[in-house]
Amino acid sequence: MKILKSSIAIPAALAMLLTSAGAVRSQPIQITPGFQPDPMVVTGTSGGSQSGKGCGMTGATPNHVVRLDNNFNYLRFSLQSTGQPTLLIEAPSGNSCLQADSFSGGTIQAPGYWEKGTYSIYIGDRAGGQNPYTLSITQTR
């Protein structure tokens, strides 16, 4: 009988572990100068049930965590989504919220100088919708 109890306990423990791991949306993305492929592209689903600090509705955890090993003189984050997408970036130096407008066609651009550090990226939606998105990161101007 001990074998039977173990065989039941292991799948139950594994299920609990996988359920709690679901709170982490993705593994951290490590970026170093000259990274390949360029652009780096990740996908997911926007929105969530949390008020994203004035940046639409987001998930409780970041969609992506980006770690920059060095300062980047130029790096551009480009978000493409349907709905009313928002891009909340929690940076070492503060937060920024970018929103698509009626002229952007659902694209949000965040280009410029980026300091070394860890960035939490939340992909939200102003209307609370959940839509597929593509986020690309490039060093090319």
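Brief remarks on what is shown
- The residue pairs whose first member lies in region 111-127 and is more than 21 Å from ARG141 (Cα to Cα), whose second member is open to solvent by 70 Å² or more (accessible area, probe 1.4 Å), and whose beta carbons are closer than 6 Å, counting only pairs six or more residues apart or on different chains, are GLY117/PRO92; THR118/ARG67; ASP125/GLN84; ARG126/GLN84; ALA127/GLN84.
- The criterion of being under 15 Å from the mean Cα position of the chain (by Cα), closer than 29 Å to GLY34 by Cβ, free of Cβ contacts under 8 Å to residues at least 40 places away in the same chain and crowded, with 17+ Cβ neighbours inside 10 Å holds for ILE108.
- Flag for THR61 being more than 19 Å from THR118 (Cα to Cα) and either open to solvent by less than 70 Å² (accessible area, probe 1.4 Å) or not charged (D, E, K, R) (or both): no
- The criterion of being surrounded by fewer than 16 Cβ atoms within 10 Å (Cβ to Cβ) and outside any strand (DSSP E or B) holds for SER102.
- Residue list for region 118-141, filter: open to solvent by less than 20 Å² (accessible area, probe 1.4 Å) and over 20 Å from THR45 (Cβ atoms): THR138
- Search result, residues across region 35-69 that are over 17 Å from PRO92 (Cα atoms), outside any loop (DSSP other than H, G, I, E, B) and at pLDDT 95 or above: MET40, VAL41, VAL42, THR43, GLY44, THR45, MET57, THR58
The values are calculated or read from the model by the stated rules, or taken from the named source; none is laboratory data. A quick note: this is a predicted structure, and the numbers were derived from the prediction, not measured. Glycine gets a Cβ as well: all are built from the backbone with ideal geometry, and neighbour counts include every protein chain shown. All accessible areas refer to the heavy atoms of the entire protein, side chains included, with ligands and DNA or RNA removed. Shrake-Rupley method; radii C 1.70, N 1.55, O 1.52, S 1.80 Å.
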